1. Which residue is nearest to C179 (Cα to Cα), if the candidates are limited to region 47-60 and must be of a type in the set (V, I, T) and open to solvent by less than 30 Å² (accessible area, probe 1.4 Å)?
2. Say we look at region 61-81 and pick out the residues that are more than 25 Å from V119 (Cα to Cα) and outside any loop (DSSP other than H, G, I, E, B); which of these is most open to solvent (accessible area, probe 1.4 Å)?
3. Has region 56-69 got any residue that is of a type in the set (G, A, S) and within 26 Å of Y220 (Cβ to Cβ)?
4. Quick check: anything in region 88-95 open to solvent by less than 10 Å² (accessible area, probe 1.4 Å), modelled with pLDDT of 95 or more, touching a helix residue (DSSP H, G or I) at 6+ places or on another chain (Cβ under 7 Å) and closer than 30 Å to F259 by Cβ?
5. Considering only residues that are surrounded by fewer than 18 Cβ atoms within 10 Å (Cβ to Cβ) and touching a strand residue (DSSP E or B) at 6+ places or on another chain (Cβ under 8 Å), which ones fall in region 175-193?
6. Only helices (runs of 4 or more DSSP H) wholly contained in region 111-167 count here; list those with 2 or more residues that are in contact with an Asp or Glu (Cβ under 9 Å, 6 or more places away or on another chain), buried (at least 16 other Cβ atoms within 10 Å of the Cβ) and not β-branched (V, I, T).
7. Going residue by residue through region 194-205, is there one that turns out to be out of contact with any strand residue (DSSP E or B) (no Cβ under 9 Å at 6 or more places or on another chain), over 19 Å from L134 (Cβ atoms) and either modelled with pLDDT under 95 or not in a helix (DSSP H, G or I) (or both)?
8. Find the residue count for region 70-84, including only residues that are in contact (Cβ under 8 Å) with a residue 12 or more places away in the chain and within 15 Å of G192 (Cα to Cα).
Amino acid sequence: MDDRITISIVTHNSRHIFDVLDNLKKELGLESSYDVHIFDNASDQSYIDKLQSYGTFISLHKAESNKGFGYGHNEVLKKVTTRYAVIFNPDVLLKKHALDEMIQRMKENDQLAAVCPKVLNSDGTTQYLVRQKLDVFDYMLRFVPFQAIKKLFDKRLSYYECRDLPDDQTSYIKMGSGCFMIIDVDKFKQVGGFDERFFMYFEDNDLCLEFGQAGYKILYTPFETVIHLYEKGAHKNKELFKIFLQSMFKFFNKWGWRFF
């Protein structure tokens, strides 16, 4: 195992990636212990050309077709020899000290398979992405456009979104968000990495359940934060919503159906 740390980012014409790379370049500098890997899922050539302009700051891996989020990360992580890696969305901004602190938390606890930060919107409000349970009703309730209906089920949604996680201590959680998580690479490989049957959506929940089934823990820390430029694509795009439903069907087929 080498002492460097892998940052794995999967892209497909991702609109925020250049802001993300500029942020990383500013925070990490050109001499750091972090290696930035971009796995591109068949983006447009002009997009590839712009990625290539970052030179040796990134290692660029190019696929001829788009096989999904989990596939891209698997392709990067199965080849690296680092002990720790960062699953990093192409729409996340952070500070280096937060990254360093999360890596330190991993180093201090051999039971951990992953560490997940508090995820914020760009205005500083919290994105409630941690899950302790999943069921069909709660997932679909989040797509209901009528706030009056959501208000009727506010307590239920609050529990589902783990809004009661404390801000003054870390917590063990069942499922964290794949938008950003620090992982132990050996444990990731042990559980088989991301299940590539999930093209997009649910692959992070699935990975976390695999970690739990293998006897490992996932730590949530409110003391380190990242900004997620969250666009809720499945809420706005019919094709993405279709992919979401397909992944949901695969997830509950694998882990058991729970409707309410």
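The values are calculated or read from the model by the stated rules, or taken from the named source; none is laboratory data. Since the model is a prediction, treat every value here as computed from it, not as a measurement. For neighbour counting, all protein chains shown are included, and Cβ atoms are generated from backbone atoms with ideal geometry for every residue, glycine included. Just the protein is used for accessible areas: all its heavy atoms, side chains included, with ligands, DNA and RNA removed. Shrake-Rupley method; radii C 1.70, N 1.55, O 1.52, S 1.80 Å.
1. I58
2. The selected residue is K62.
3. Within region 56-69, one or more residues are of a type in the set (G, A, S) and within 26 Å of Y220 (Cβ to Cβ).
4. For region 88-95, residues open to solvent by less than 10 Å² (accessible area, probe 1.4 Å), modelled with pLDDT of 95 or more, touching a helix residue (DSSP H, G or I) at 6+ places or on another chain (Cβ under 7 Å) and closer than 30 Å to F259 by Cβ: absent.
5. D186 - this is the single residue of region 175-193 that is surrounded by fewer than 18 Cβ atoms within 10 Å (Cβ to Cβ) and touching a strand residue (DSSP E or B) at 6+ places or on another chain (Cβ under 8 Å).
6. So the answer is 154-160.
7. Yes: one or more hits.
8. The total comes to 10.
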